[in-house]
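Here the structure comes first, spelled out in structure tokens, and everything after it is commentary.
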Number of protein chains: 2
Amino acid sequence: MADKVVGVLGGGQLGRMLAAAASLLNIKLVILDVGENGPAKQVLAPTSPQHSHIDGSFTDPARIRELATKVDVLTVEIEHVDADALAQVDGCDIHPSPNTIKLIQDKLAQKQHLQSRGCPISDFIPVDSTVQSIHAAAKELGLPLMLKSRTLAYDGRGNFVLRELSQTQDALAALGNRPLYAEKWVPFTHEIAVMVVRSTSGEVRAYPVVETVHKENVCHLVFAPLRTRDATLSRRAQTIAEDAVKTFEGAGVFGVEMFLMDDGGLYITKSPHGRTTRATTPSRRAKHLNTRTTSAQFCLFHSGSTALKVPSCAMLNIIGLSSSMAEVNALSAVALTVPGASVHLYGKAECRKGRKMGHITIVAPSDAELRTRLRVLLSALPSSPLTETDLHAPAEPAPGSGFPSAHPLVGVIMGSDSDLPVMLPAARILDHFRVPYELTIVSAHRTPDRLVEYARSAAARGLRTVIAGAGGAAHLPGMVAAMTALPGSTLDGVDSLHSIVQMPRGIPVATVAINNGTNAGLLAVRILAAGMPRLVDAMEEYMKNMEAEVLGKVDKLAAVGWESYSTAK
Amino acid sequence: MADKVVGVLGGGQLGRMLAAAASLLNIKLVILDVGENGPAKQVLAPTSPQHSHIDGSFTDPARIRELATKVDVLTVEIEHVDADALAQVDGCDIHPSPNTIKLIQDKLAQKQHLQSRGCPISDFIPVDSTVQSIHAAAKELGLPLMLKSRTLAYDGRGNFVLRELSQTQDALAALGNRPLYAEKWVPFTHEIAVMVVRSTSGEVRAYPVVETVHKENVCHLVFAPLRTRDATLSRRAQTIAEDAVKTFEGAGVFGVEMFLMDDGGLYITKSPHGRTTRATTPSRRAKHLNTRTTSAQFCLFHSGSTALKVPSCAMLNIIGLSSSMAEVNALSAVALTVPGASVHLYGKAECRKGRKMGHITIVAPSDAELRTRLRVLLSALPSSPLTETDLHAPAEPAPGSGFPSAHPLVGVIMGSDSDLPVMLPAARILDHFRVPYELTIVSAHRTPDRLVEYARSAAARGLRTVIAGAGGAAHLPGMVAAMTALPGSTLDGVDSLHSIVQMPRGIPVATVAINNGTNAGLLAVRILAAGMPRLVDAMEEYMKNMEAEVLGKVDKLAAVGWESYSTAK
């Protein structure tokens, strides 16, 4: 629809996603990459000779100049382009700017830039490729020490973890003659990432924060939304990412990766993330959030929404295991049997061990359902041991097992284990409807800190409703309701009833019934049904069964007469 | 990923969607259509000469045979192919079968086939192209009479509405020398459609029912899920559609269109729908439901889910208004500013009045939000008068206006208008949170039939929770809860409180508070928040404001002292 023609340096999988998004908007792309049938070129046949793709290297200045003569805007889908040649191009808008691309290519320069702008970066220093220099760095930053190549590093290539000084020669041999720098070892607990889109006018907007899981230095899994006990984390991470992206020139979609520390601290590890920096293109991560075209929209038109469209989603990279396509095809075939899973293969002609061959996105109405779906895929990976599958996609506990779901939607809490008999019927109902839940003790009076932490973190952990038992004083449901925006219900003793129904204006608590755990469970299911249509059907079924049960008694009463019915009963 | 190569007769917009879906699975397609740059060929560049597309007509037997030599499976993206030539092809699987395609091409034969299999079809008879024959048909079926061409009819072309016998010559002139049939005029209230996917083994599965809106005989808008007062309608329509598709041979995605009558009756109008019959391809309608690849998955692998992935969605066709692309581009540019909207242009080289140039899908967390987004698009259509915009995408009533939303999420009901003062604070809260609602009178004792109809239809109409006031007897909330699977809450009088908290096991009602409409409204918002993350944020904001208000009083108390605070207050 735009009448500008866009030239893209690079035609791999990211270019392929960019090309597919461009097709939807009738935007013409011309791709520069080696070969005639790369991933991007496959999905965008030129409709006229002046828009034909170019067979050549994105590091070849002559080819870059040739591309520039054919288009109005230049962008990149990979940062390892000839940035100097790009900078010398006249008559084209270039996004992001060649300066930004050059800065990204040198990871040391990138870190110095971010540090100088006040972005949170872990300690680092330049080192020479000498034993002496590396030993000096180890003395300053401690061991283990991350030794990294400043350029051409991605997916863990060009990294060396120096655990002891005696490994220094090995490190130099492994990293060759590349320019190096050293990073302080960061004992992070999780890795998170934020995609940020920046418009030509400099406005930035962050996508929801995702958790990333790496395996052998390659991104293996991505989850969204981020679940955490820290309700402030998402906003903090988005702000850090937006502030980092504001320091670079030019429009584009930028990935900012961060380490999350045990104390809630955040360090930027890569920004813009090497291979996700590009203009007017959807990123794989953004894509997995169902926001494929939004990025392009935002870059081009400063509009569109970055909000998540589904309750829970994940992305699994399909990494080649050998030179055979068989494993890739087998995993894809499994994915096609999984509800909510979509396969995105990249059309690469050859498979290699470690090569990114495609990815699978999975969406689901809840985190637990997402894990159930993902578990099928991870179990089908020959390279994935069961322990790893259990870690990332644990099986739901069997109904009636009495163990909590790792991804509960309902929190069932009681002030004392003496309340357990009253709460159990609620748990049974949740089991019946296959609703993931946890059941635990939170005492308002004896564990007030735990109460605060539980209530404040409930929404950020993914809970959607809380059932609280109230014995006499009724403080548990009332205080939980005061500290979370989630709907809370309570089953009361007679004594606490009047306390709860006289909650002050502003803080609602749903009283279900006196000592009726069944109805508390049923109300929780109905509350979830507001956002999960499956549960509306299941509840209707449950109600039909209740009706049938009573109607059965009607028939029996008529058949045997009330005298013998009464006796038999 | 499949190693079979698929040949497609036709390379228009449906072929384009098919090709895009195939790319994601590394499935190779060879397209037969006239020209080198049609919509489908643009998005699928052949990676080797033996998979190059064919420039020729899908009605040319020689070209069809040429295509067959290059592929393993043949399918169609349009039914106007040479079905006889297709039937004579050897060595290829063909889906759907040439018999099915032939049957679909002749609308009279199609209707006779469906009628003979017991599918609900309105009355029809064959007619000759003579005044005498048409008059005889009018005598039998009444006026107005639908005269239709048996072949090559789509988007209203080949149809003539005979209102008076004097128009017979005009009808014959308009319909030319085509073979005709006559259909009884059906005074339908709505048009609905169901996409059904059929696997090679004959298993069928229906997608959710959609409502379609036609304009000048061309599909203008599609909405899903279907909203209706008739809770049985969706399942009935899906069964009719599945049964119809079971009568045809071969795998594919089939569209079944139906008229919905005032009494809830359904008639099939077209099945399989002319231009949506094809194998292994997503349909435009299925696509708009975010199920693009599911259809292909199901056809190829008998798997995948047909469930809706978002709460509410719509599709708006982009129809050419003139030979200029300007209007198409202008509408697309507007769509890019609308949250949840995605533009899908077809890459057609030329625009024409009435030509389908693309479509826009819109997803939203609620029907009301969907209408708000759609309203922006309809308002941008030069051809769409305000009355039409108001009909399909009414503006939400202004907060505090006291009028109901056309697409409420919350039903606020009271037994008598004397309860209005108690209920109003709930309405004010819903206004504050921009939650669409209705407020009306439903009396358990004086309007029992209305109570039943209200409760039974609540979920199917799109309500997600009901707030019922209970004065003395408390029957309203209890009975509503018994007849809907939705979560219901009540604000009670003191007298009804003990009635409600002693609801029998199985039917939960959430008692919020005694006469506290504010908290009833807040609980409804929290219940909705379980499925609408925006409301979690808004509720947290509301709670922060309450906190700030009290903290302000803390400061004032400290500043002025409690004696003067007390006096000032």
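Numbers at a glance
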quantity	calculated
Output for the range A:117-136, where each listed residue is outside any loop (DSSP other than H, G, I, E, B) and under 23 Å from A:M258 (Cβ atoms)	A:I121, A:F124, A:I125, A:P126
Condition broken by A:I441, with the remaining ones in (1) of a type in the set (A, V, I, L, M); (2) surrounded by 21 or more Cβ atoms within 10 Å (Cβ to Cβ); (3) more than 14 Å from chain B (Cβ to nearest Cβ) satisfied	(2)
Among residues of the range A:185-239, those that are touching a strand residue (DSSP E or B) at 6+ places or on another chain (Cβ under 7 Å), assigned to a strand (DSSP E or B) and more than 30 Å from A:A455 (Cα to Cα), counted	8
Checklist (1) touching a helix residue (DSSP H, G or I) at 6+ places or on another chain (Cβ under 7 Å); (2) over 20 Å from A:R227 (Cβ atoms) applied to A:V452, failing item	(2)
Within the range B:33-49, tally of residues that are over 15 Å from B:A21 (Cα atoms) and within 29 Å of the chain's Cα centre (by Cα)	1
Residue list for the range B:185-239, filter: among the polar types (S, T, N, Q) and buried (at least 17 other Cβ atoms within 10 Å of the Cβ)	B:S199, B:T200, B:T212, B:T228, B:S234, B:Q238
Test: residue in the range B:249-264 that is at pLDDT below 95, farther than 26 Å from B:K102 by Cβ and among the small types (G, A, S)	yes
Residue that is farthest from the chain's Cα centre (by Cα) [pool: residues in the range A:521-531 that are at the interface with chain B (Cβ under 7 Å from one of its Cβ atoms) and in contact (Cβ under 8 Å) with a residue 60 or more places away in the chain]	A:L522
Residue satisfying all of: in the range A:479-495; at pLDDT below 85, of a type outside the set (A, V, I, L, M) and in contact with a helix residue (DSSP H, G or I) (Cβ under 7 Å, 6 or more places away or on another chain); farthest from A:E453 (Cα to Cα) among these	A:D492
The range A:385-401, subset touching a residue at least 24 places away in the same chain (Cβ under 8 Å) and under 15 Å from A:L430 (Cβ atoms), residue surrounded by the most Cβ atoms within 10 Å (Cβ to Cβ)	A:E396
Complete set of residues in the range B:518-539 that are within 29 Å of B:Y565 (Cβ to Cβ) and not hydroxyl-bearing (S, T, Y)	B:N519, B:L522
Any chance B:T306 is β-branched (V, I, T) and more than 7 Å from every other protein chain (Cβ to nearest Cβ)	yes
Hits in the range A:339-376 - residues which are buried (at least 23 other Cβ atoms within 10 Å of the Cβ), more than 14 Å from the chain's Cα centre (by Cα) and among the acidic types (D, E)	A:E369
Failed item in (1) of a type outside the set (V, I, T); (2) in contact with a Leu (Cβ under 8 Å, 6 or more places away or on another chain); (3) touching a residue at least 24 places away in the same chain (Cβ under 8 Å); (4) within 28 Å of A:H53 (Cα to Cα), with B:F58 passing the rest	(4)
Yes/no for B:V245 being outside any strand (DSSP E or B) and surrounded by 17 or more Cβ atoms within 10 Å (Cβ to Cβ)	yes
Positions within the range A:316-329 being outside any strand (DSSP E or B) and touching a helix residue (DSSP H, G or I) at 6+ places or on another chain (Cβ under 7 Å), in sequence order	A:G320, A:L321
Any chance B:L557 is of a type in the set (A, V, I, L, M, F, W, C), farther than 24 Å from B:V422 by Cβ, touching a helix residue (DSSP H, G or I) at 6+ places or on another chain (Cβ under 8 Å) and more than 10 Å from chain A (Cβ to nearest Cβ)	yes
Meets criteria (within 25 Å of A:T200 (Cβ to Cβ) and among the hydroxyl-bearing types (S, T, Y)) for A:T100	yes
Checklist (1) out of contact with any helix residue (DSSP H, G or I) (no Cβ under 9 Å at 6 or more places or on another chain); (2) within 14 Å of chain B (Cβ to nearest Cβ); (3) modelled with pLDDT of 90 or more; (4) within 22 Å of A:L522 (Cα to Cα) applied to A:R464, failing item	(1)
Qualifying residue in the range A:139-151 (condition: within 27 Å of A:G265 (Cβ to Cβ), among the hydrophobic types (A, V, I, L, M, F, W, C) and in a helix (DSSP H, G or I))	yes
Subset of the range A:474-519 [among the aliphatic types (A, V, I, L, M), under 15 Å from A:A426 (Cβ atoms), crowded, with 21+ Cβ neighbours inside 10 Å and facing another protein chain (nearest Cβ under 7 Å)]	A:A510, A:V512, A:A513
Residue selected from the range B:343-374 under the condition outside any helix (DSSP H, G or I) and hydroxyl-bearing (S, T, Y), by the criterion farthest from B:P533 (Cα to Cα)	B:Y346
Matching residues in the range A:533-550 - criterion: being more than 7 Å from every other protein chain (Cβ to nearest Cβ), within 35 Å of the chain's Cα centre (by Cα) and either buried (at least 21 other Cβ atoms within 10 Å of the Cβ) or among the aliphatic types (A, V, I, L, M) (or both)	A:L535, A:A538
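Yes or no, residue by residue, for (1) under 13 Å from the mean Cα position of the chain (by Cα); (2) aromatic (F, W, Y); (3) within 22 Å of B:L370 (Cβ to Cβ):
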{"position": "B:V204", "(1), (2), (3)": "no, no, no"}
{"position": "B:D230", "(1), (2), (3)": "no, no, yes"}
{"position": "B:I240", "(1), (2), (3)": "no, no, no"}
{"position": "B:V245", "(1), (2), (3)": "no, no, no"}
{"position": "B:V253", "(1), (2), (3)": "no, no, no"}
{"position": "B:F259", "(1), (2), (3)": "no, yes, no"}
{"position": "B:D263", "(1), (2), (3)": "no, no, no"}
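The values are calculated or read from the model by the stated rules, or taken from the named source; none is laboratory data. Small disclaimer: the values here were computed from a predicted structure and weren't measured. In this analysis, Cβ positions are derived from the backbone assuming ideal geometry, glycine residues included, and neighbour counts consider all displayed protein chains.
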